[in-house]
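Asks: Okay, here's the structure, questions in a sec.
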Amino acid sequence: MKLATQAKIVWCPGCGNFGILKAFKDAVGELEVDLRRLVLVSGVGCHGKIADYLALSSFHTIHGRVPAMLAGIKLANPELIAVGFAGDGDAYNEGLVHLIHAAKKNIDATLIVHDNAVYGLTTGQATATSARGFRGRSTPEGNPEEPLNPVALMLASGASFVARGYAGDASHLKEIIKEAILHRGFAFVDVLQPCVTFNNTWKLYREKVHKIKDTPESIDEAMRLARAEDEIPVGILYREERSTYEEEMRIEPRDADVSALLERMR
Ligand SMILES: Cc1ncc(C[n+]2csc(CCOP(=O)(O)OP(=O)(O)O)c2C)c(N)n1
Ligand code: SF4
Ligand SMILES: [Mg+2]
């Protein structure tokens with residue numbers, strides 16, 4: 001099945017979102033997942049448009065509530081494969097509490113965060129992941145705060161799969177996304193995504209990003225990599241097997257074929 005839609009892509013030329021779109025499409029193609037079971041959720045922001053560019057069932061939800069929607073989908077029908085796309089402002093500012101609780105509960109869903117370290121759609125305000133000193137609309141004199149480390153936060157919150165990807169390496173990101181979708185439990189992927197218009201980090205990432213070979217055995221080692229500063233490690237930093245919230249709640253699987261449901265409603 002073709003995943004592209006008729007929608008015109010309105011992201012700025014050179015935006016890191018193109019790499020994420022490509023990686024996701026290729027991951028879904030290679031996994032050969034049952035597309036009737038796949039449900040997407042996207043948040044508010046430039047990243048949120050990704051749902052318009054994929055011919056799949058999707059919700060475009062309100063700002064910060066992507067993890068809450070993923071939880072709702074899985075509690076309504078655990079047979080569905082739920083994948084969310086959020087922005088950094090979306091997930092790490094507006095919706096931070098929802099993110100932490102989705103990880104803590106171990107909802108069986110994947111969350112991909114388009115982390116451009118800026119509020120892109122609203123033209124360049126600082127978010128939780130903006131670098132100290134970042135100059136934008138809300139911080140003309142430079143951001144006075146240290147950035148949040150979302151990967152370290154997710155490790156501390158109990159996410160059972162934690163990864164960092166890079167939009168400039170769609171092939172490596174595709175492999176991470178495949179593993180995230182296959183993971184049973186909350187799979188979190190923070191994607192370093194340059195915003196050419198309001199926070200152009202291409203040069204920085206080209207110099208500092210480096211791929212890790214193996215996933216660390218311990219959470220302490222994962223945390224050390226998450227907090228590394230001289231270079232930025234990308235790859236799967238942590239994974240563990242743990243029962244999911246849906247299993248603990250003993251939610252009954254349902255028929256995932258939406259066409260049969262629609263037929264019954266006619
Ligand atoms: C509750 C709420 N607060 C603020 C806004 C305004 N708003 C719309 S898009 C946006 C920026 C989104 O930034 P981010 O989540 O980082 O996504 P990006 O545009 O960078 O992909 C904001 C603040 C909103 N829609 N809802
Ligand atoms: S404003 Fe930034 S994040 Fe939004 S489409 Fe343009 S380059 Fe991409
Ligand atoms: Mg952003």
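Asks: Mind listing whichever residues of the stretch 144-191 are touching a strand residue (DSSP E or B) at 6+ places or on another chain (Cβ under 7 Å), outside any loop (DSSP other than H, G, I, E, B) and over 18 Å from L96 (Cα atoms)?
Replies: Within the stretch 144-191, G165, Y166, H172, L173, I176, I177, E179, A180, I181 qualify.
Asks: Could you list, in sequence order, the residues of the stretch 30-50 that are within 16 Å of ligand 3 (Cβ to nearest atom) and either of a type in the set (A, V, I, L, M) or in a helix (DSSP H, G or I) (or both)?
Replies: The answer is V44, C46, H47, G48, K49, I50.
Asks: Take the residues in the stretch 181-209 that are among the aromatic types (F, W, Y) and over 23 Å from V66 (Cβ atoms); name whichever of them is surrounded by the fewest Cβ atoms within 10 Å (Cβ to Cβ).
Replies: Only one residue tops the list, namely W202.
Asks: When the stretch 41-67 is examined, which residues are found to be over 14 Å from V113 (Cβ atoms) and away from ligand 1 (no atom under 13 Å from the Cβ)?
Replies: D52, Y53, L54, A55, L56, S57, S58, F59
Asks: Looking only at the stretch 211-235, count every residue that is of a type in the set (G, A, S) and closer than 19 Å to G168 by Cβ and tell me the total.
Replies: 2
Asks: Please go through the stretch 51-84 and pick out each residue that is in contact with a Pro (Cβ under 9 Å, 6 or more places away or on another chain) and away from ligand 3 (no atom under 16 Å from the Cβ). I'd like the intermediate steps shown before the answer.
Replies: The first filter runs over the stretch 51-84 and keeps only residues in contact with a Pro (Cβ under 9 Å, 6 or more places away or on another chain), leaving 77-79, 84.
If the condition is that a residue be in contact with a Pro (Cβ under 9 Å, 6 or more places away or on another chain) and away from ligand 3 (no atom under 16 Å from the Cβ), then N77, P78, E79 are the ones that fit.
Asks: Out of (1) over 15 Å from the mean Cα position of the chain (by Cα); (2) buried (at least 22 other Cβ atoms within 10 Å of the Cβ), what's the single condition that is false for L75?
Replies: L75 satisfies all of (1) over 15 Å from the mean Cα position of the chain (by Cα); (2) buried (at least 22 other Cβ atoms within 10 Å of the Cβ) except (2).
Asks: Still on this structure, please answer the following. Does T5 meet the test of being under 15 Å from A86 (Cβ atoms) and of a type in the set (S, T, N, Q)?
Replies: no
Asks: Continuing with this model, one more query. Select from the stretch 184-214 the residues that are more than 18 Å from I20 (Cβ to Cβ) and in contact (Cβ under 8 Å) with a residue 24 or more places away in the chain and list them in ascending order.
Replies: If the condition is that a residue be more than 18 Å from I20 (Cβ to Cβ) and in contact (Cβ under 8 Å) with a residue 24 or more places away in the chain, then R184, G185, F186, K208, H210, I212 are the ones that fit.
Asks: Please go through the stretch 98-151 and pick out each residue that is among the hydrophobic types (A, V, I, L, M, F, W, C), over 15 Å from the mean Cα position of the chain (by Cα) and more than 13 Å from ligand 2 (Cβ to nearest atom). Reasoning before the result, please.
Replies: Of all residues in the stretch 98-151, those among the hydrophobic types (A, V, I, L, M, F, W, C) come to 99-100, 102-103, 107, 109, 111-113, 117-118, 121, 126, 128, 131, 134, 148, 151.
Subsequent filtering for residues that are over 15 Å from the mean Cα position of the chain (by Cα) retains 118, 121, 126, 128, 131, 134, 148.
If the condition is that a residue be among the hydrophobic types (A, V, I, L, M, F, W, C), over 15 Å from the mean Cα position of the chain (by Cα) and more than 13 Å from ligand 2 (Cβ to nearest atom), then A126, A128, A131, F134, L148 are the ones that fit.
Asks: Regarding the stretch 230-244, can at least one residue be identified that is surrounded by fewer than 16 Cβ atoms within 10 Å (Cβ to Cβ), away from ligand 1 (no atom under 16 Å from the Cβ), part of a loop (DSSP other than H, G, I, E, B) and modelled with pLDDT under 95?
Replies: Among the residues of the stretch 230-244, at least one is surrounded by fewer than 16 Cβ atoms within 10 Å (Cβ to Cβ), away from ligand 1 (no atom under 16 Å from the Cβ), part of a loop (DSSP other than H, G, I, E, B) and modelled with pLDDT under 95, which makes the answer yes.
The values are calculated or read from the model by the stated rules, or taken from the named source; none is laboratory data. Since this is a predicted model, take the numbers as computed values, not measurements. Every residue, glycine as well, gets a Cβ built from its backbone with ideal geometry; the counts of neighbours run over all protein chains shown.
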